[in-house]
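Each reported figure results from applying straightforward, stated rules to the coordinates on display, with no laboratory input. Being a predicted model, the structure only gives us computed values, none of them experimental. Glycine gets a Cβ as well: all are built from the backbone with ideal geometry, and neighbour counts include every protein chain shown.
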Amino acid sequence: MEKILFLAHVDESCNVLPKAVYEVLGLAIDVAAQMNATLTIGLIGENVDTAAAFIGSSGATRVLAVSGPDFAQPRYASDAAALEAICRAVQPTLVLAPATWRFSRVLPGVSHRLAGQADTHITGLEIRDGALTASRWYYRQRIEAVIRRDARPWFLLLESGCHKPWTGEPGAPSMEKMPVVIPAELRRTNVTGTRAPKSEAQTIRPDADLLFVAGAGWTKKQSDGKVHGEEAESLILRFLELSKASLGGSKSLVDQSGDNQAVLGFMTHLNQVGQTGATPRHPKGLSTCCHGEEPHVVGWRFIHERRAINLDPNCGWARGKADVLYVSDAFEVMKRVNELLATGSEKKEEATATAR
């Protein structure tokens, strides 16, 4: 019988569980039920009491925790020691964990210490003929592979958006705290601070409800025969500020900086969607001034509702790739959208002030 270990860490800034944790937990519970396997939860962080309470009614047979100041910040040496200790205590055959940046860099190393096998970027799990199979995408998300391994323990890092989040009620689990001592030689790396862009300058928001994708059309000549780069930047940044959407860019747009063409100053290759392997998982997507050919649409594989704005009624988005296509000038549409968003924001602020 399989023994499943689900691993999670708390957010180092607030000691709560990241959203991706609940998604993978929901998947772990479903897999355990289908395989009639035992489920154990392992937690690491500075203080895991609150996090343990949130998942207390998940049905896990055991909840193990490694906590303390040494595990407050991500550090390979201390995280690896904590996860190894949990794994050795449980002796699992399957280890499931969210593909957060903290776990992605440490879990393959833990797998090696335990003579196991690790697979990353997993997007789904399925039971086939009584055996567990994992799926992931290769070749820039064009080829889906189904993986099955006989080797145990098998470590699987699952991408966000792979399952509906678990929504059980908080409880009071019987948590076993494991003492893991980190010697001085493993504490040589210290986090001295965090540098992050201002919230209004942040354009990549993985948890946003909407992905706004800008295409090369924003930097081309418009109906008056002129390029309106500054206006395009202003409209897009204003929309991102008001909607809190995440920004994506087509390959043709982000590549223009190397061709000495007009570019959007805030757009980098980090924003590129399509032809890079990037697979955003926002519930909704809005494409503007993009041709919508296959390489770009590949990046939208996991987006549920697709809308596009393009002056060309025969563009790629119109050929069954968008749920709704607005045949219109993106400049005019986004001006009006920003006006409506600004009005709604002002009304919300007035209502809040009145309530106070």
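Apply the membrane-span-like helix rule to the chain: whole DSSP H runs, Cα extent along the own long axis of at least 30 Å, mean Kyte-Doolittle hydropathy at least -1.0. List the helices found.
Membrane-span-like by this rule: 330-355.
Given the chain, what percent of its DSSP beta bridges are antiparallel, to the nearest 5?
Once the DSSP bridges in the chain are tallied, antiparallel ones form about 20 percent.
Which of Ala134, Ala65, Pro92 sits farthest toward the positive end of the charge dipole of the range 3-186, with +1 on the Cβ of Lys and Arg and -1 on the Cβ of Asp and Glu?
My answer, from the dipole projection, is Ala134.
Positive end of the dipole of the chain, charges at C-beta (+1 Lys, Arg; -1 Asp, Glu), about the Cα centre: which of Ile41, Leu107, His9 has its Cα farthest in that direction?
The one lying farthest along the dipole's positive direction is Leu107.
In this model, which of Lys226/Lys251; Lys284/Lys335; Lys19/Lys244; Lys3/Lys177; Lys221/Lys244; Lys221/Lys284 are farther than 25 Å apart at the alpha-carbon?
Exceeds cut-off: Lys221/Lys244; Lys221/Lys284.
Project the alpha carbons of the range 3-186 onto their principal axes and report the range along each, largest first, in whole Å.
If we take the Cα atoms of the range 3-186, the spans are 43, 38, 28 Å.
Please list, by residue number, every one of the chymotrypsin sites (Phe, Trp or Tyr not before Pro) in the range 132-161 that is coil in DSSP and has at most 10 other beta-carbon atoms within 10 Å.
Of the chymotrypsin sites (Phe, Trp or Tyr not before Pro), the ones in loops of the range 132-161 whose Cβ has at most 10 other Cβ atoms within 10 Å are Tyr139.
What translational D, rounded to a whole number of µm²/s, comes out for the chain from Stokes-Einstein when the hydrodynamic radius is the Kirkwood one over Cα pairs, at 10 °C and 1.306 mPa s?
Estimated via Stokes-Einstein, D reaches 70 µm²/s.
Name the residue, out of Ala97, Ala208, Ala89, whose mean-square fluctuation peaks in a Gaussian network model built on the chain with Cα pairs under 10 Å.
Greatest mean-square fluctuation among the candidates belongs to Ala89.
Might you report the magnitude of the Cβ-based charge dipole of the chain about its Cα centre, with Lys and Arg at +1 and Asp and Glu at -1, to the nearest 20 debye?
With Lys and Arg at +1 and Asp and Glu at -1, about 540 debye.
Multiplying the sequence separation of Arg319 and Thr189 by 0.36 nm and subtracting their Cα-Cα distance, what value in nm do you get?
41.5 nm
What is the ratio of the Cα radius of gyration of the range 87-151 to 2.2 N^0.38 Å, where N is its residue count, to two decimals?
Scaled against compact globular proteins, the figure is 1.19.
7 Å from Cα along Cα→Cβ at both Glu339 and Arg105: what's the point-to-point distance in nm?
A separation of 4.8 nm, rounded to one decimal place.
Would you calculate a helix-derived [θ] at 222 nm for the chain, using -39,500 (n - 2.57) for each DSSP H run of n ≥ 4 and dividing by the full residue count, to the nearest 500?
Computed ellipticity for the chain at 222 nm equals -8500 deg cm²/dmol.
Long-range amide H contacts for Ala322: which residues qualify at under 5 Å (H placed 1.01 Å from N, peptide plane, sequence gap of 5 or more or a different chain)?
Residues meeting the amide H criterion: none.
Which cross-chain or sequence-distant (5 or more) residues have an amide H under 5 Å from the amide H of Gln222, H modelled 1.01 Å from N in plane?
Under 5 Å from the amide H of Gln222 lie the amide H atoms of Val227, His228, each far enough along the sequence or on another chain.
Between the range 113-165 and the range 203-260, what is the separation of their alpha carbon centroids in Å?
Using only Cα atoms, the two centres lie 35 Å from each other.
Which of Met334, Met1 comes first, and how do the rest follow, when ranked by fewest Cβ neighbours within 10 Å?
The order, fewest Cβ neighbours first, is Met1, Met334.
Amide H to amide H, which residues 5 or more places from Ile204 or on other chains are under 5 Å from it, using H placed in the peptide plane?
Those lying under 5 Å, H to H, from Ile204 are Leu247.
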